[in-house]
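Chemist: Sharing a structure with you now.
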Amino acid sequence: MSRARLIFIIFFLTAVLIGTVHLRVSASRVFFRCRKAIVEQDNLRLQLGRKQLALEELLNPSIISEHIKKGADAPHEERPAGR
Amino acid sequence: MTTQRFIIAFHLLMVVVFGLLGWRLFYLQHCRADHYANEAYPALHAFTQEEPQRGRILDSGGVHGRVLAASNKIQTVYVDPGIMGHWDDVMQTAAALQEILGIDAMEFCDLVAQRRTHRFVKIKEGITEAEREAILAARLRPVGIQSEWRRYYPMGALTSHIVGFVGGSADIDEPDRVGLAGAEQQYEALLKGARGKYVFLVDKRRYPIGLDTQKSTPARDGSSIILTIDSTIQEFARSSLLKQIQAYQAESGVAIVMNPWNGAILALVSWPDFDPAAFSKTDADRLRNRAVADPFEPGSIFKPIVAAAALDRGLLQKTDRIFCENGYYEKYRIGEWAGHQFGYLTVKEILTESSNIGMAKIGQKMGQKALYDAVRLFGFGQPTGVDLPGEDAGILAPTRNWSSFTVTRIPYGHEISVTPMQIIRAFAILANGGSPVTPHIVRAVVDDAGNVTELSRKSNLAGRLIKQEVAEWIVREALTNVVKEGTGQEAALEKWQAWGKTGTANIATNGRYDTVNYTASFVGGAPADVPQVVTFVAIRKPNKALGKGYSGGRVAAPVFREIMEKTLTYLEKR
């Protein structure tokens, strides 16, 4: 076996090893980012749910009725005379 | 030569060394593989449990309808005092949390000092998104954020008795919260979902770098349910009922609005009600759904049912004139309400004037067996099957326990106990021409993928409990006349022809009826030709001393009118 061939084989094996490690690290990193994104997406979904619930509370027919009743009971403001 | 020997010896040594290493490798990788894999497993893996999101409860508007109950996560900040080594750490954390959450640093230090051995000390519940991000950015090692589901009831007390509430589960294999009342309890199996488990491969910092899909099972969120309840009609019913209860200083009240053609309940109010989010602080009496759990003596609202049964069996003709003993039936000790005195009355007049004696005589014409069978046929003495927990069957004694008076008492609603749900179901049967219906509050189920499955609840309109012409005559002639000329004139509607029956039932106290406590009720529907909705209203113990009246016609009929006016207008314009 010539020296050049030996160097090539060692170089090739080292490159494969480094490549494997790199791919492994990349896979882990991508997985971690993916999980983070899933958690973030869930979080955004929950924020949306919170806002929807707050809106539902505002649209509660009982509260609307109370507002209408209060509006009807309150004395009407005098309107400024039209020009 | 020596060198050659040395090389051979060296090679042999290497072979032996590598042989030993190979054997050791084989021993570790094959013979002891399971042992070391088990030892290493916890260090290489992390486990998390995922609580499922409990299904939502929506009103009749469907997927885009109003949300009556839904779960959402709240974030809780906690600290682990076990990993705070020195007081410097505590002070540093306290200062950071004071800035982010606004909590007092000294109080935080005291709290940590008191719970030095604890691994979880709750600091603040329900933090905002900005606070969460600030805590994460601060990278405080002893501080963590935990998420947990919380159940919200945006309609508050409005739909409390329908939706119910959830509470802590005693079963550790089940999700944290289980339904304890209302639809939450009845539909627990659909709503709860299934808990998930994730197994992650982790690096030395315990950051997840892979998912063990073989050993992981994702959580399955609960299905949502769509109710037949319309929040707007519910509000009409609740506000009208509550106004009258307050005006008459009454003890309690029930209002139910139902579609008579399929038994769908559009509104159900049982007052007193409660806030489902604070049920644990509520008096147990307020938690009782009186619409299904409280049987009462119905009084005169029971009369049309017995009259319809007698007409249906041919034991009575519409033209028959019954002598009403001029106000007092001495043999059976029965008087008329408010001291009225009637001579001969037809069935229609008996119902219009609400004659007790006339009904007692109809009962006698029927006899014990026919009366019992008819009442049973209309579903009394047995649960209606409504999909709400805690339904009472009411009380209908078997004929062997009847006294000689019973056959004259049941026809005007004494010696029998019924629930509001049983009464409205019976009137729905009259309204739809005699077909049985099953009252229900759930219309459809939405699975976690969003597929909507309508539940088949159609009434069997081909099978009738009584003849169609009898049911139609009772509604269109007799009960319409009650509203036009009889005791129910306060129930008359402007745009539609209403029909119905009033009831003013004595409440027995210590085994005797008194003259102070009554249940004022009205049940009926509109329009008379093709009834769109039937409504039941009962107000228990209106304050007679106010001098404003206490009868069904005076107290309950106006509530019926208000609910019907608003509901029919709403349904027309929707």
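Read-outs: derived from the displayed coordinates by stated rules, not from any lab. Predicted, not measured: the structure shown is a model, and the values here were computed from it. Virtual Cβ from ideal backbone geometry, glycine too; neighbours counted across all protein chains shown.
Chemist: What residues have an amide H closer than 5 Å to that of B:V533, excluding those fewer than 5 places away on the same chain, when H is modeled at 1.01 Å from N in the peptide plane?
Modeler: B:A526
Chemist: Under 13 Å from the 7 Å Cα→Cβ point of B:E469, by amide nitrogen: which residues of segment B:300-314?
Modeler: B:312-314
Chemist: Next question. Between B:A105 and B:E148, what FRET efficiency follows from the Cβ-Cβ distance if R0 is 22 Å, with the result rounded to 0.05?
Modeler: Taking R0 as 22 Å, the efficiency between B:A105 and B:E148 is 0.25.
Chemist: Going by amide H atoms built from the backbone, whose H comes under 5 Å of the H on B:N517, apart from near neighbours?
Modeler: For B:N517, the qualifying residues are B:I507.
Chemist: For the charge dipole of segment B:8-165, defined by +1 on Lys and Arg C-beta atoms and -1 on Asp and Glu C-beta atoms about the Cα centroid, which residue among B:T48, B:A9, B:W23 has the Cα displaced farthest towards the positive pole?
Modeler: So the residue we want is B:W23.
Chemist: Give the order of B:L287, B:L28, B:L140 when sorted by the count of other beta carbons within 10 angstrom, beginning with the fewest.
Modeler: B:L28, B:L140, B:L287
Chemist: Additional query: Across the residues of B:236-245, average count of Cβ atoms on other protein chains within 10 Å?
Modeler: 1
Chemist: How do the peptides B:528-537, B:85-94 rank, highest first, by the average count of neighbouring beta carbon atoms within 10 Å per residue? Intermediate results must be reported in sequence, preceding the final value.
Modeler: Numbers: B:528-537: 23.6, B:85-94: 15.0.
Highest to lowest by the protection proxy: B:528-537, B:85-94.
Chemist: 222 nm [θ] for chain B, helices only, -39500 (n - 2.57) per DSSP H run of 4+, per residue, to 500?
Modeler: Calculated mean residue ellipticity at 222 nm is -10000 deg cm²/dmol.
Chemist: Using 1/(1 + (r/R0)^6) with R0 = 56 angstrom and r between the beta carbons of B:T213 and B:I8, what's the FRET efficiency to the nearest 0.05? Before the final figure, lay out the partial values.
Modeler: On the way: r = 53 Å, r/R0 = 0.95.
Computed FRET efficiency for B:T213 and B:I8 comes out at 0.60.
Chemist: Given that compact globular proteins tend to follow 2.2 N^0.38 Å, what is the ratio of the alpha-carbon Rg of chain A to that value?
Modeler: Here the Cα radius of gyration is 2.91 times the empirical estimate.
Chemist: Among A:22-32, B:188-198, how do they line up from the highest to the lowest mean number of other beta-carbon atoms within 10 Å?
Modeler: B:188-198, A:22-32
Chemist: Could you go through segment B:25-32 in sequence order and give the Karplus-derived ³J(HN,Hα) for each residue, using 6.51 cos²θ - 1.76 cosθ + 1.60 with θ = phi - 60°, rounded to whole Hz, and x for Gly and Pro?
Modeler: 4, 4, 4, 5, 7, 10, 5, 9
Chemist: Same structure again: If you average the alpha carbon positions of segment B:322-341 and of segment B:30-52, how far apart do those two centres end up, in angstrom?
Modeler: Centre-to-centre distance over Cα atoms comes out at 85 Å.
Chemist: I'm a student and want to see the number: the projected area of the Cα convex hull of segment B:439-574, averaged over all directions, in nm².
Modeler: Result: a mean projected hull area of 12.7 nm².
Chemist: Starting with the fewest neighbours, write out B:I507, B:I539 ranked by other beta-carbon atoms found within 10 Å of each beta-carbon.
Modeler: With the sparsest Cβ surroundings first, the list reads B:I507, B:I539.
Chemist: Please check: in the Gaussian network model of chain A (C-alpha springs, under 10 Å), which one of A:A54, A:A72, A:A37 has the largest mean-square fluctuation.
Modeler: A:A72
Chemist: Over chain B, what is the relative contact order in percent, taking alpha-carbon pairs closer than 8 angstrom and at least six residues apart?
Modeler: Here the relative contact order equals 14 percent.
Chemist: Now a separate question. So if I average 1/r over every pair of distinct C-alpha atoms in segment B:1-152 and take the inverse, what Kirkwood radius in Å does that give? Don't skip to the end; give the middle numbers.
Modeler: On the way: mean 1/r = 0.0469 Å⁻¹.
Final number for the Kirkwood radius of segment B:1-152 is 21.3 Å.
Chemist: Sticking with this structure for a sec: Calculate, in nm to one decimal, what A:L17 and A:R33 gain on full extension: separation in residues at 0.36 nm each, minus their alpha carbon distance. Don't jump to the answer; show the numbers that get you there.
Modeler: Working: separation 16, 0.36 × 16 = 5.76 nm, distance 2.42 nm.
Here the answer is 3.3 nm.
Chemist: Given +1 on the Cβ of Lys and Arg, -1 on the Cβ of Asp and Glu, and no further charges, what dipole in debye does segment B:70-137 carry about its Cα centre, rounded to the nearest 20? Mind showing how you got there, number by number?
Modeler: Numbers: 7 positive and 11 negative charges, 73 e Å.
That gives segment B:70-137 a dipole magnitude of about 360 debye.
Chemist: First measure r as the distance between the Cβ atoms of B:H340 and B:A397, then evaluate 1/(1 + (r/R0)^6) with R0 = 30 Å and state the FRET efficiency to the nearest 0.05.
Modeler: 0.55
Chemist: Amide H to amide H under 5 Å from B:H45: which residues, 5+ apart in sequence or cross-chain, H placed 1.01 Å off N in plane?
Modeler: Hits under the 5 Å cutoff: B:V202.
Chemist: Taking the Kirkwood radius as the inverse of the mean 1/r across Cα pairs, report the Rg/Rh of segment B:347-459.
Modeler: Across segment B:347-459, the Cα-based Rg/Rh ratio is 1.10.
Chemist: Starting from a Cα-only point model with no solvent, please compute log10 I(q)/I(0) by Debye for segment B:194-299 at q = 0.10 1/Å.
Modeler: Results for segment B:194-299 at q = 0.10 Å⁻¹ read -0.53.
Chemist: With the Cα gyration tensor of segment B:32-105 giving a ≥ b ≥ c as the square roots of its eigenvalues, does the rule (a/c under 1.5 for rounded; else a/b larger than b/c for prolate; else oblate) give rounded, prolate or oblate?
Modeler: Oblate.
Chemist: Return an integer: the convex hull volume of the alpha-carbon atoms of the protein assembly as shown, in Å³ per residue. Don't jump to the answer; show the numbers that get you there.
Modeler: Numbers: hull volume 204.5 nm³, N = 657.
Here the figure is 311 Å³ per residue.
Chemist: Within 10 Å of each Cβ of B:44-57, how many other protein chain Cβ atoms are there on average?
Modeler: The mean count of partner-chain Cβ atoms within 10 Å per residue comes to 0.
Chemist: Give me the one-decimal nm value for the distance between modelled label points at B:Y328 and B:L377, 7 Å along each residue's Cα-to-Cβ direction.
Modeler: With each label point 7 Å from Cα toward Cβ, the separation is 3.7 nm.
Chemist: With a 10 Å radius around each residue's Cβ, average the other Cβ atoms per peptide and rank B:301-310, B:364-373, highest first. Display every interim value, and only then the final one.
Modeler: Details: B:301-310: 26.3, B:364-373: 17.0.
Taking the mean over residues of other Cβ atoms within 10 Å, the ranking is B:301-310, B:364-373.
Chemist: Something else now. If I stretch the segment between B:E251 and B:D275 completely, what's the gain in nm (0.36 nm per residue apart, minus their alpha carbon distance), one decimal? Please report the intermediate quantities before stating the final value.
Modeler: Values: separation 24, 0.36 × 24 = 8.64 nm, distance 1.87 nm.
Additional length available on full extension: 6.8 nm.
Chemist: Using the Karplus equation 6.51 cos²θ - 1.76 cosθ + 1.60 (θ = phi - 60°), what ³J(HN,Hα) coupling, rounded to whole Hz, does each residue of segment B:336-347 give in order, writing x for Gly and Pro?
Modeler: Using θ = phi - 60°, the values come out as 8, 5, 6, x, 5, 10, 10, x, 8, 9, 7, 4 Hz.
Chemist: How shielded is B:70-79 by partner chains, expressed as the average number of their Cβ atoms within 10 Å of its Cβ atoms?
Modeler: Working: counts 5, 3, 9, 7, 2, 2, 0, 0, 0, 0.
Taking the mean over all residues of the peptide, I get 3.
Chemist: Rounded, prolate or oblate, given the Cα gyration tensor of chain B, with a/c below 1.5 counting as rounded? Intermediate values should be presented prior to the final figure.
Modeler: Values: a/c = 3.51, a/b = 2.53, b/c = 1.39.
Note, shape of chain B comes out prolate.
Chemist: Of A:K51/B:K122; B:K348/B:K501; B:K361/B:K541; A:K70/B:K501; B:K331/B:K361; A:K69/B:K501, which sit over 23 Å apart, Cα to Cα?
Modeler: Violating the 23 Å Cα-Cα cut-off are A:K51/B:K122; B:K361/B:K541; A:K70/B:K501; A:K69/B:K501.
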